[in-house]
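Written out below as structure tokens is the structure these notes cover.
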């Protein structure tokens with residue numbers, strides 16, 4: 001049964017890493033290179049990473065469920081940035 005859990009976790013980790021890499025590439029293109037880029041994919045890479053971590057047959061792995069959500073730009077970092085951007089925009093509109 002453990003080998004099946006490892007296989008399922010691996011099947012979740014591969015697209016999670018791919019999507020997270022794409023999200024970070026988009027971040028790099030927009031904020032560092034200052035060029036146009038397509039929009040990032042929110043929550044999918046981090047969500048698959050969480051599923052992979054939770055399925056892994058390692059007892060302590062469940063305590064690390066939050067790591068994929070923090071490492072994927074499309075999860076907590078990107079959503080926090082988006083919320084701050086819109087909050088600042090609303091505050092600027094109220095001042096004028």
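Nothing in this text is a laboratory measurement; each read-out follows from the coordinates by a stated rule. As the structure is a prediction and not an experimental result, all values here were calculated from the model.
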Highest-MSF residue in the chain out of 83, 69, 44 [GNM, Cα springs under 10 Å]: 83
Helix axis angle, 2-27 relative to the chain longest principal axis, alpha carbon, degrees: 20
C-alpha long axis of helix 44-55 to longest principal axis of the chain, angle in °: 30
Longest to shortest principal axis, alpha-carbon extents of the chain, angstrom: 62, 25, 15
Theoretical ellipticity at 222 nm over the chain - DSSP helices of four or more residues, -39500 (n - 2.57) apiece, nearest 500: -21500 deg cm²/dmol
